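Please read the structure below before turning to the comments.
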Amino acid sequence: MPFFHSAHFIRLVLAVASLSFITQPAIAQEQTFNSWFAWFNNVKFSEKWGMNHDIQFRAGTDWGNYSMLLIRPGINYYVKERHTAALGYAATLATHELATNARRLTEHRIWQQYIIGGTLFGVPVQHRFRLEQRFLERPDETAFAQRARYFIRGIVPLSSHSTPSFRRGLFVSLQNELFFNIQNANATNGKWFDQNRAYASLGFRFSERYDFETGYLHQFLLRNSAPHAVTHVWQWAVYARF
């Protein structure tokens, strides 16, 4: 029986979806539609050391308004099997249109993370815990804030092959990420909870090194006051491992 049709997959869907739904209050929301493009890469230099980086372009409603470029490199330290610690830097450049004038919002981050591989309802998953120190640069002010993030992701092959031996073919990926302001929330939305991103995609694994996937990402962003923001995103992503 294909793994995709198993009860394990259904349980994973429910678990990931529940993380998204419980964070969204039933109040007025502002809806927008975006497209995101991403490249994720991991390179292993030795038994203990490697690097990671991702480059993302998040296109706004007209590819100009609310668009953002993100560049995020980092160094990996492989603590033990399925445990990876990392430290890195990130820079973002976003364009927001205000009336007839556009302004650029720049953010620099230092980040630390710990990734743990495990299983959830029989499905291999990845848990990522990330802490960010955010240096926010705006036209009229600069601010410092810290944010914590929790990310969970699972890949389910659309075949009878088990996930550990999955080297080529179609798959479904499911993930969810929660964001929390842990210092100087007033510099962002003034609240402890910041946002949630739930994502489901269809992908193809070309080899042990390359995946391509495309799917729908639902971003809920809590603002200082209603209406809060919901962004419907179609995302294309490439994953590379060396």
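The values are calculated or read from the model by the stated rules, or taken from the named source; none is laboratory data. Keep in mind that what you see is a predicted model, and the values were worked out from it rather than measured. Methodologically, a virtual Cβ is constructed for each residue, glycine included, from the backbone with ideal geometry; neighbour enumeration extends over all protein chains shown. Side chains are part of the model used for accessible areas, which takes the heavy atoms of the whole protein and leaves out ligands, DNA and RNA. Shrake-Rupley method; radii C 1.70, N 1.55, O 1.52, S 1.80 Å.
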Next on the checklist: Considering only the stretch 6-23, I want to know if a residue exists there that is of a type in the set (K, R), modelled with pLDDT under 95 and either surrounded by 14 or more Cβ atoms within 10 Å (Cβ to Cβ) or in contact with a helix residue (DSSP H, G or I) (Cβ under 9 Å, 6 or more places away or on another chain) (or both).
Outcome noted: yes
Checklist entry - Does the stretch 34-80 hold any residues that are aromatic (F, W, Y) and touching a residue at least 60 places away in the same chain (Cβ under 8 Å), and which are they? => result W36, F37, W39, F40
Item to check | Filter result (of a type in the set (S, T, N, Q) and in a strand (DSSP E or B)) within the stretch 64-89 | outcome: S67, N76, T84
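Per-residue answers, yes or no, for (1) at pLDDT 95 or above; (2) out of contact with any helix residue (DSSP H, G or I) (no Cβ under 9 Å at 6 or more places or on another chain); (3) open to solvent by less than 30 Å² (accessible area, probe 1.4 Å); (4) of a type outside the set (F, W, Y):
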site	(1), (2), (3), (4)
R168	no, yes, no, yes
N176	yes, no, yes, yes
I182	yes, yes, no, yes
S201	yes, yes, yes, yes
Next on the checklist: Considering only residues that are at pLDDT below 95, farther than 13 Å from L136 by Cβ and open to solvent by 40 Å² or more (accessible area, probe 1.4 Å), which ones fall in the stretch 104-121?
Outcome noted: T119, L120, F121
Checklist entry - Given the structure, is R209 free of Cβ contacts under 8 Å to residues at least 40 places away in the same chain, more than 16 Å from the chain's Cα centre (by Cα), closer than 24 Å to F57 by Cα and open to solvent by 10 Å² or more (accessible area, probe 1.4 Å)? => result yes
Item to check | Index of the failed condition, Q146 passing every other in (1) touching a Phe, Trp or Tyr at 6+ places or on another chain (Cβ under 9 Å); (2) surrounded by 14 or more Cβ atoms within 10 Å (Cβ to Cβ); (3) at pLDDT 95 or above | outcome: (1)
Checklist outcome for this item: Within the stretch 46-92, the residues that are open to solvent by 40 Å² or more (accessible area, probe 1.4 Å), at pLDDT 95 or above and of a type in the set (D, E) are E47
